[in-house]
Amino acid sequence: MKYVIMFTSTPELDAAVPPERAQDVYSRIYEWFGANAERIADSGAELQPVTTATTVRSGDDGPVVVDGPFSEAKEVIGGFSIIDVPDLDAAITLVKTWPSLELPGVAVEIRPMVVDYSQFEK
């Protein structure tokens, strides 16, 4: 089964991590991708900082473009990957080994992908 895993963190807490510790964790992330390559269906992408975000929202007169991140959430998505594992338990087991989880404010959201669109056919 395919799952999207989204790597989230809290920017204020990220900024407090000493650079040498951040570099150590980042090195282990690189190793994590190599060690789990057979389970990763698409390595996804690391995202630019949330301050570079542009949002398109529904407005009274149609879509409205908003410069900047205006999310009510304190956490931001820093990247994502697609994994292919047997089930949710396997996804959880894999995600528990994500190196950044040792840092404060870091989480990984796991969501199953829709892969069968037959339910939407008319």
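The values are calculated or read from the model by the stated rules, or taken from the named source; none is laboratory data. The structure presented is a predicted model; accordingly, all values stated were derived computationally and were not measured. Heads up, the Cβs are rebuilt from the backbone with ideal geometry, glycines too, and the neighbour counts pull from every protein chain shown.
Considering Ile77, Ile92, the condition of being surrounded by fewer than 16 Cβ atoms within 10 Å (Cβ to Cβ) and under 12 Å from the mean Cα position of the chain (by Cα) is satisfied by Ile77 alone. Restricting attention to region 1-15, the residues that are assigned to a loop (DSSP other than H, G, I, E, B) and either in contact with a Phe, Trp or Tyr (Cβ under 9 Å, 6 or more places away or on another chain) or of a type in the set (S, T, N, Q) (or both) total 1. Ala53 meets each of the listed conditions (1) under 18 Å from Met6 (Cα atoms); (2) small (Gly, Ala, Ser); (3) in contact with a Ser or Thr (Cβ under 9 Å, 6 or more places away or on another chain); (4) at pLDDT 95 or above apart from (4).
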